[in-house]
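Accompanying notes for the structure given below.
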Amino acid sequence: MKRIKSGIPGLDELIEGGFPAGRTYLICGEAGAGKTTFALQFIYYGAQHGEPGVFLTIDEKPEHVVEDAESLGWDFRKFIEDGKILMAEITPYFSGVGKIPHQKIIEEIRALISQIGAKRLAIDPIAPLVLGGGGESATAQTAIRGYIRNLIHALDDIGITTIATSEIPTGTNQLSRYGVEEFLASGVIVLSFRRGETGFKREIYIRKMRGVNHSMNIYSYVIKKGLGIVISL
């Protein structure tokens, strides 16, 4: 099975050498845990090693994401100019389930991938792609779950390795906005905070990883300038 290196120091050792290629993985966490950093790091590492990537931003303007990457010591502009990274904002085109079919979103993503021959894709975050036109009724929730299922399956059919971020709703045990994304993704990695004697510490664990004999332990991690997320093994 082909493996895609995560670019996260310490992570590949926990998942038998990297992510199984061509699948979708969910990175879950509270606000400030480092989900966007994880996604940026995944794309940046790929660009450094001959694997072009598309970073699809939903909540932020691409320029702001590039500036955030620069604050971490990563020169995204160089790779963008060289056609190794494509930053795209999809929000203006899609407003949610019930209005734009998942096939339209996939067509747009496929076009972006084709522009640079991308091998990696990051969606940050995934939930807004299906917001709007939903609702809380059982029928609406069933439609949303079907929409997400079709979207993730279509991404896998493209054959690109995808990292999608998901914010953990405050005060819940959910790992995603709709409670179904984690079941459909091939892998789930959770970033969290733990209160210690001197303050909060960041922790990471692998909730699931299909086809991988992965570690079930909880590890500490830090975010360092120039390196990004670094896991302590």
Hey, does region 159-168 have a residue that's surrounded by fewer than 23 Cβ atoms within 10 Å (Cβ to Cβ), modelled with pLDDT under 80 and among the hydrophobic types (A, V, I, L, M, F, W, C)? no
Search region 36-55 for residues being outside any helix (DSSP H, G or I) and small (Gly, Ala, Ser), and hand back the single one that is surrounded by the most Cβ atoms within 10 Å (Cβ to Cβ). 53
Would you confirm whether or not region 8-22 contains a residue that is charged (D, E, K, R), buried (at least 18 other Cβ atoms within 10 Å of the Cβ) and either in contact with a strand residue (DSSP E or B) (Cβ under 6 Å, 6 or more places away or on another chain) or in contact (Cβ under 8 Å) with a residue 40 or more places away in the chain (or both)? no
Pick from 69, 39, 31, 111: which is farther than 23 Å from residue 220 by Cα and of a type outside the set (S, T, N, Q)? 111
Candidate set: region 61-85, residues that are under 12 Å from residue 43 (Cα atoms) and in contact (Cβ under 8 Å) with a residue 24 or more places away in the chain; chosen: the one surrounded by the most Cβ atoms within 10 Å (Cβ to Cβ): 85
Only one residue in 211, 187, 226 is touching a Phe, Trp or Tyr at 6+ places or on another chain (Cβ under 6 Å) and touching a residue at least 12 places away in the same chain (Cβ under 8 Å). Which one? 187
Examine region 31-41 for a residue that is small (Gly, Ala, Ser), over 20 Å from residue 215 (Cβ atoms) and under 13 Å from the mean Cα position of the chain (by Cα), and state whether such a residue exists. yes
Go through region 111-142 residue by residue and tally those that are within 26 Å of residue 2 (Cα to Cα) and either modelled with pLDDT under 75 or loosely packed, with under 14 Cβ neighbours inside 10 Å (or both). 4
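The values are calculated or read from the model by the stated rules, or taken from the named source; none is laboratory data. Treat the numbers as computed from the prediction; the structure is a model and nothing was measured. Ideal geometry is used to build each Cβ from the backbone, glycine not excepted, and the neighbour counts take in all protein chains shown.
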